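The values are calculated or read from the model by the stated rules, or taken from the named source; none is laboratory data. It should be emphasised that the depicted structure is a prediction, and the values quoted were computed from it without experimental measurement. Ideal geometry is used to build each Cβ from the backbone, glycine not excepted, and the neighbour counts take in all protein chains shown. For the accessible areas, the whole protein counts, side chains as well, though only heavy atoms, and no ligand, DNA or RNA atoms are used. Shrake-Rupley method; radii C 1.70, N 1.55, O 1.52, S 1.80 Å.
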Amino acid sequence: MAVPVSQEGSAPAADAAWPDNPVLVEVWRSGFLESVHRGALVVVDPAGAVAAAAGAVDRPVLPRSANKPVQATALLACGWAPRSVEETAIGAGSHSGEDGHRETVAGMLAAVGLGPDDLGCPPALPAHEPTRAAWLAAGRRPERSAMNCSGKHAAMLSACVAAGWPTEGYLDPAHPLQRAVEERLAATAEEPVAAVVVDGCGAPQHALTLTGLARGIAALVEAPAGSGERSVADAMRAAPWYVAGTGREDTELMGAVPGLLVKVGADGVHVAALPGRGAVALKLDDGGDRGRTPALAAGLRRLGVPAEQLARWLLTPVTGGEGVVGQVRAAPSLTF
């Protein structure tokens, strides 16, 4: 079991040294290279072997919400019994707090005799802009069920009830549920968890290498039909709106590319997998969002996804005045 890093403390000095990663994404404005995003990206084959890589793909990172699909398989093994593909998808997702998202979370909690006050995630306003604007106009306060990780927390609580474990303290890394999550993440990544820290939602967050992260997501789409692993992958692909929400990249990418499983993570992380093709995982060093999808799209091209299916994400427009004057695009380092 990995040693937790204290909430106020820091990782060992050796881990603090940032690698000299290559430029993965370039920002061009009127023919001028304005900015770059450095990082690391790995492509693995269906068996989890590295097929291509750029940057320090064997250095532990924090996958953040990109860990959720594999986390969900641990919850199923502990007894979580979703009543629909929508519940499975939101349990592995990062929703936008839209009405249907919050209603699904409320239903999951009610099914095990719990309510929103039992959620350990912090209160939040919906991330979906129209819903958020309506809440603010009505003077509505932040709620725990609107937080983007509330689906995961509802699934964790449901697993605790099913296993007969206390729901009090379910976010403690020493809780049997969290030990099971850590063990599952390590097993699918085929490497030990490097560190356990506190995630933005308050749950334990487990450090893995990008290579291990890619192996884990590949294992879900390659799992046999009827297995818990495959059920998570199938649910996310069948109900992608519950994984993210209206206008969100993960939802729209899964709608555009048949069979694709995608999950974003905070601070510049993205992971995706296609059955029979493999998986791609990346992290941008600056932790930003702007360069994620061009880099991910470049990795998906390496998996054989046609460029026309990825056109919206391969090149992101850069505006100037009332027109488009440039683009955010993958750097030559991602021309595998």
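The table for this structure:
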{"item": "Number of the condition not met by residue 280 [criteria: (1) surrounded by 21 or more Cβ atoms within 10 Å (Cβ to Cβ); (2) assigned to a helix (DSSP H, G or I); (3) aliphatic (A, V, I, L, M)]", "result": "(2)"}
{"item": "Count of residues meeting criterion [more than 22 Å from the chain's Cα centre (by Cα) and aromatic (Phe, Trp, Tyr)] in segment 294-336", "result": "1"}
{"item": "Close pairs from segment 89-101: first in contact (Cβ under 8 Å) with a residue 40 or more places away in the chain and crowded, with 23+ Cβ neighbours inside 10 Å, partner in a loop (DSSP other than H, G, I, E, B) and β-branched (Val, Ile, Thr), Cβ under 6 Å, at least 6 apart", "result": "89/243; 93/243"}
{"item": "From 219, 225, residue being open to solvent by 10 Å² or more (accessible area, probe 1.4 Å) and either charged (D, E, K, R) or touching a residue at least 60 places away in the same chain (Cβ under 8 Å) (or both)", "result": "219"}
{"item": "Residue that is farthest from residue 210 (Cα to Cα), among those in segment 44-86 that are polar (S, T, N, Q) and assigned to a helix (DSSP H, G or I)", "result": "73"}
{"item": "Any hit, segment 102-113, residues being more than 18 Å from the chain's Cα centre (by Cα) and either over 22 Å from residue 239 (Cβ atoms) or not in a helix (DSSP H, G or I) (or both)", "result": "yes"}
{"item": "Only listed residue being at negative phi, hydroxyl-bearing (Ser, Thr, Tyr) and at pLDDT below 95, chosen from 319, 335", "result": "335"}
{"item": "Search result, residues across segment 229-262 that are outside any helix (DSSP H, G or I) and buried (at least 19 other Cβ atoms within 10 Å of the Cβ)", "result": "239, 243, 244, 245, 248, 257, 260, 261, 262"}
{"item": "Qualifying residue in segment 154-162 (condition: in contact with a Gly (Cβ under 6 Å, 6 or more places away or on another chain), open to solvent by 40 Å² or more (accessible area, probe 1.4 Å), closer than 26 Å to residue 86 by Cα and not in a loop (DSSP other than H, G, I, E, B))", "result": "yes"}
{"item": "Condition met for residue 38 (part of a strand (DSSP E or B), over 21 Å from residue 183 (Cα atoms) and open to solvent by 40 Å² or more (accessible area, probe 1.4 Å))", "result": "yes"}
{"item": "Of the criteria (1) open to solvent by less than 60 Å² (accessible area, probe 1.4 Å); (2) in contact (Cβ under 8 Å) with a residue 60 or more places away in the chain, which one residue 179 fails", "result": "(1)"}
